[in-house]
Amino acid sequence: ESTQCVFSSGLCLAAAKHLIERYYHQLTEGCGNEACTNEACGSSPGFQRMDNNAAAIKALELYKNNAKLCDPHPSKKGASSAFPENSAKGAHNFSACSNGKMNHKDLQPTREDFRDLNYLTEEKVYEILSLCSETEDYSPLIRVIGRVFSSAESLVQSFHKAKQHTKEELKSLQAKDEDKDEDEKETASGSSTAMEVEPEASASSADGPSHGENNVQKLGPVEVSVDIEAVRRVYDRLLSNEKIEAAFLNALVYLSPNVECDLTYHNVYAADPNYLNVFIIVMENSNLHSPEYLEIALPQFCKAMSKLPLPALAKLARLWSQYSADQIRRLVETFQQLITYTVISNEFSSDNLVNEDDGVVAATKCLKIVYYANVLGGDLDMGHNEEEDDEPIPESSELTLQELLGEERRNKKGPRVDPLETELGIRTSDCRKPLIPFEEFVNEPLNDVLEMDKDYTFFKVETESKFSFMTCPFILNAVTKNLGLYYDNRIRMYSERRITALYSLVQGQQLNPYLRLKVRRDHIIDDALVRLEMIAMENPADLKKQLYVEFEGEQGVDEGGVSKEFFQLVVEEIFNRDIGMFTYDESTKLFWFNPSSFENEGQFTLIGIVLGLAIYNNCILDVHFPMVVYRKLMGKKGTFRDLADSHPVLYQSLKDLLEYEGNVEEDMMITFQISQTDLFGNPLMYDLKEGGDKIPVTNENRKDFVALYAEYMLNKSVEKQFKAFRRGFHMVTNESPLKYLFRPEEIELLICGSRNLDFQALEESTEYDGGYNKDSCIIKDFWETVHSFGQEQKRLFLQFTTGTDRAPVGGLGKLKMIIAKNGPDSDRLPTSHTCFNVLLLPEYSTKEKLRERLLKAITYAKGFGML
């Protein structure tokens, strides 16, 4: 019954809409009978002409009053046969009776032609514009724009290229210009052949490029039937006229609901791929981001665009990837303006979620198309991908119990992949440098109002009725994404804790809901890594429990602070150059895997586990890796350009080799055999090619030499060490949305925190307790003292107060520090609860004493006790 009611109400709405359309066109175009006596008809002799807005309002009024409707004049009906391609689908046109009578001498012949015009070309627009300029009456052009730009069928036929070419013709055109006479011999059947070829080309490119290709654009440009340059020229000419601009706006308001209906219920794109022309043409309007479009027209159009099927979205992304950076930026600004305008105009909260605003959601989905166009159009590295681990990460023995309890893990094989990404055969990590910076896709006002706990729930549930912005991570800043990752980690910890509790009940096992590590400060590596190795071998799922660290002989209870200290000490030991697991570059201050290390693969696996645990437990590490390490963790191999960061001296030498203008073979006398030194300084020879010592490097093969050299340094020489390291990292993060949400540079920020220490932001965000406030005399003295510290002293202060000397993601302003009163003036040193970022500060009598006591506390702080 409910379905029947919805259907019947839909019919009523459709009927009402149709009647209002008829009233509108009766007012603007008339019925065609010059002797019409209906006062509300444009053909009536005494009828006063009105603009489109007034006509739309009047049409609604006539509909409400059930006013008289004229029947189309017979001559008007017959005129439609001049455009048979439109008459079949007249219901979608701006007028069911808009084609004028052709044989009346009293009417201007040019106007008659315009009435019959149901599609536009660049030449026709200029012809009408010229005639309108002569009479200074632009109403004929406004009516034509209103009719064509409000009809999907008309737009699909408008602004076609002068001639369609087959694939073979396109190749020959690129090689040389064809003779104009031969162009004119092209028949209509040739054009239709090209139109048939086009979907085939689209389908082949949808499979994505082969991994051997470096740039997806080598597959060739995306061909569409619309002449985009002509559309741009037309917009440039017309949008300077305010009256004409209003016609585009009004037409878009009318067009969008019809297009949305076509895509939702009629599968029009599958029937005619040229339907995409509607979106290509409308998005070339450079005024879309102006205020008058943001209220109704653009949100409706975004909703229609978001209904496009996946192949159409992919084709649109490929097309836009051929645009310039400025054109991509204009598209981004259009959707960003709509999102920002909507967010600022509404009061979103936990009761009124931004996720439920159709306009914002639709604009975000449209922005995703531009995002992937930006990736595709950038500097791509498609062919250098890390191989997957040979042996899968062992599953937890608890999986069977989870299945029995209906708690089977989601995304066991890793995080989801965006369908559009799959359709395009591209990943964000494939892009070395996008057309415009990724940061331009982040919308800060949206991030400010987003309720991340609710958004994360929608992300995990994956229902069509609830949209999650985590499915479009490009629009989120690092702070918001980090919060989403925090929720994911915590929920997984609680899940492991719950499963452990059930195990203890069912099987009588000892309850152990945490990943407990008991370590001695003097033997921290031995104790921690041996324990982690046992867990990794016996039950890797335990690594996903909440970490709980206890230092032997100390009373500190781990609420986060002890873990921070543990990670700090472990990292210091692991990267100790005396151990020899990593090499250190004095010029870059960065570490790299030592290919000659004596440590076994298990040690590197454990280091990967430590890195994963730090992310999982929201701890910042003081590690110094080049960016290529994070790219490799995300599945991309190192290439020559990565040497600039990891091995800058070698990079410069190889760059000089590539740019050398002389004879490389005679002047440099190098071969495809290279020399490396081991830990003891002994030379080790390696052939980049078989028999490399006998193959000279020449001007012709030097690019090959450089690529093989980089491949050896960044991949082959450290293959065993890195694979073990990555395996350990994935033991902790394999079920996390880490790869889905973050780019390599953001992973570094996540692990290492920000190196920029803004203590002014820290002061502004600090809270006070125990009788202190920001105006207390000692608090003013305290901040004056801290601001006077050098960079090293500031790091010590952070280490003392928070357990790490790095700022969290988002900077020190995101660190919620509390300064609490710890009694009156005394000789006691300041103390801290690093778990909660609380500084306990006695009310010292002088500024000098405050400085002396504080410096002593932060300089000699080590170990934990109970207060």
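Taking all protein chains in place and a 1.4 Å probe, what share, in percent, of the accessible surface of the stretch 755-860 do carbon and sulfur account for?
The C+S portion of the solvent-accessible surface of the stretch 755-860 is 48 percent.
Enter the accessible area per residue of the stretch 441-545 (Å², integer; probe 1.4 Å; all protein chains in place).
47 Å²
With the other protein chains left in place, how much accessible area per residue, in square angstrom, belongs to the stretch 755-860 at a 1.4 angstrom probe? Intermediate values should be presented prior to the final figure.
On the way: 5050 Å² over 106 residues.
Result: 48 Å² of accessible area for each residue.
Measure off 7 Å from each Cα along the Cα-to-Cβ vector at Asp526 and Glu333, then give the distance between these two points in nanometres to one decimal.
Reported label-point gap for Asp526 and Glu333 is 6.5 nm.
Contour minus end-to-end for Asp769 and Asp116, with contour as 0.36 nm per residue of separation and end-to-end as the Cα-Cα distance? Before the final figure, lay out each step's value.
Numbers: separation 653, 0.36 × 653 = 235.08 nm, distance 7.80 nm.
Gain on extension, Asp769 to Asp116, equals 227.3 nm.
Expressed as a whole percentage, what fraction of the accessible surface of the stretch 569-752 belongs to carbon and sulfur atoms when a 1.4 Å probe is rolled over the protein heavy atoms?
Carbon and sulfur together cover 50 percent of it.
Report the gain in length on full extension from Arg755 to Lys161: 0.36 nm times residue separation, minus Cα-Cα distance, nm rounded to one decimal.
My answer for the length gained is 208.5 nm.
Collect residues whose amide H, placed 1.01 Å from N in the peptide plane, falls under 5 Å from the amide H of Leu688; neighbours closer than 5 in sequence don't count.
Gln673, Ile674
Which peptide among 547-554, 577-584, 271-278 comes first, and what is the full order, when sorted by highest mean count of other Cβ atoms within 10 Å?
The most tightly packed comes first, giving 271-278, 547-554, 577-584.
Quick check: pseudo-label points 7 Å beyond the Cα along Cα→Cβ at Glu533 and Lys814, how many nm apart are they?
Output for this residue pair reads 3.6 nm.
Amide H neighbours of Ile695 under 5 Å, counting only residues 5+ apart in sequence or on other chains, H built in-plane at 1.01 Å?
Under 5 Å from the amide H of Ile695: Phe672.
Highest mean first, how do 44-51, 645-652 rank when packing is the count of other Cβ atoms within 10 Å averaged over residues?
Working: 44-51: 11.9, 645-652: 17.1.
Put in order of decreasing packing, that is 645-652, 44-51.
Greater than 32 Å separation of Cα atoms is the criterion. Which listed pairs, Lys460/Lys816; Lys481/Lys821; Lys481/Lys545, meet it?
In this structure, Lys481/Lys821 lie more than 32 Å apart at Cα.
How charged is the neighbourhood of Leu435? Take every other residue with its Cβ under 11 Å from the Cβ of Leu435, and add Lys/Arg as +1 and Asp/Glu as -1.
Working: positive: Arg329, Lys433; negative: Asp326, Asp379, Glu440.
Net charge around Leu435: -1.
So if R0 is 25 Å, what FRET efficiency would Asp656 and Lys716 give, r being the distance between their Cβ atoms, rounded to the nearest 0.05? Intermediate values should be presented prior to the final figure.
Values: r = 23 Å, r/R0 = 0.93.
Plugging the Cβ-Cβ distance into 1/(1 + (r/R0)^6) gives 0.60.
Multiply the residue gap between Glu573 and Phe47 by 0.36 nm, knock off their C-alpha separation, and tell me the result in nm, one decimal place.
In short, 180.3 nm is gained.
Note down the nm distance, to one decimal, between modelled labels 7 Å out along Cα→Cβ at Gln322 and at Arg516.
Reported label-point gap for Gln322 and Arg516 is 6.5 nm.
Quick check: from the Cα gyration tensor, does the stretch 755-860 come out rounded (a/c under 1.5), prolate or oblate?
prolate
If you build the convex hull over the alpha carbons only and average its shadow over all orientations, what do you get for the stretch 569-752? Give it in nm² to one decimal.
Working: hull surface 46.2 nm².
If you wrap the Cα atoms of the stretch 569-752 in a convex hull and average its projections, you get 11.6 nm².
If you count only protein heavy atoms with a 1.4 Å probe, what accessible area per residue comes out for the stretch 569-752, rounded to a whole Å²?
It amounts to 43 Å² per residue over the stretch 569-752.
For Thr831, enumerate residues with amide H under 5 Å from its amide H, sequence gap 5+ or separate chain, H modeled in the peptide plane.
The list, which skips near neighbours in sequence, is Leu840.
Per-residue HN-Hα couplings for the stretch 784-801, Karplus 6.51 cos²θ - 1.76 cosθ + 1.60 at θ = phi - 60°, whole Hz, x for Gly and Pro?
Per residue, the Karplus-derived 3J(HN,Hα) values read 4, 5, 5, 5, 7, 5, x, 4, 5, 5, 5, 5, 4, 4, 4, 4, 5, 7 Hz.
Answer with one residue from Ser465, Leu529, Leu517: the one whose Cα lies farthest towards the positive end of the charge dipole of the stretch 455-530, charges on Cβ with Lys, Arg +1 and Asp, Glu -1.
Most positive-ward Cα: Leu517.
Which whole-number percentage describes the relative contact order of the stretch 569-752, with Cα contacts under 8 Å and a sequence gap of 6 or more? Before the final figure, lay out the partial values.
On the way: 226 pairs, mean separation 59.7, N = 184.
Value for the stretch 569-752: 32 percent.
Below 8 Å, C-alpha to C-alpha, sequence gap of six or more: please give me the relative contact order for the stretch 13-65 in percent.
35 percent
Sort 374-385, 843-854, 221-232 by packing, meaning the average of other beta carbons within 10 Å per residue, with the highest value first.
Values: 374-385: 21.0, 843-854: 16.4, 221-232: 17.9.
In descending order of packing, they fall as 374-385, 221-232, 843-854.
In whole Hz, what ³J(HN,Hα) sequence does the stretch 229-237 give by Karplus (6.51, -1.76, 1.60; θ = phi - 60°), x for Gly and Pro?
For the stretch 229-237, the Karplus curve yields 5, 5, 4, 5, 5, 5, 4, 4, 6 Hz.
Which ³J(HN,Hα) values, rounded to whole Hz and listed in residue order, are derived for the stretch 632-646 from phi using the Karplus coefficients 6.51, -1.76 and 1.60 in 6.51 cos²θ - 1.76 cosθ + 1.60 with θ = phi - 60°, glycine and proline given as x?
5, 5, 8, x, 10, 6, x, 10, 3, 5, 5, 5, 4, 8, 8
The values are calculated or read from the model by the stated rules, or taken from the named source; none is laboratory data. Predicted, not measured: the structure shown is a model, and the values here were computed from it. Note: ideal-geometry Cβ built from the backbone for every residue, glycine included; neighbour counts use all protein chains shown. All accessible areas refer to the heavy atoms of the entire protein, side chains included, with ligands and DNA or RNA removed. Shrake-Rupley method; radii C 1.70, N 1.55, O 1.52, S 1.80 Å.
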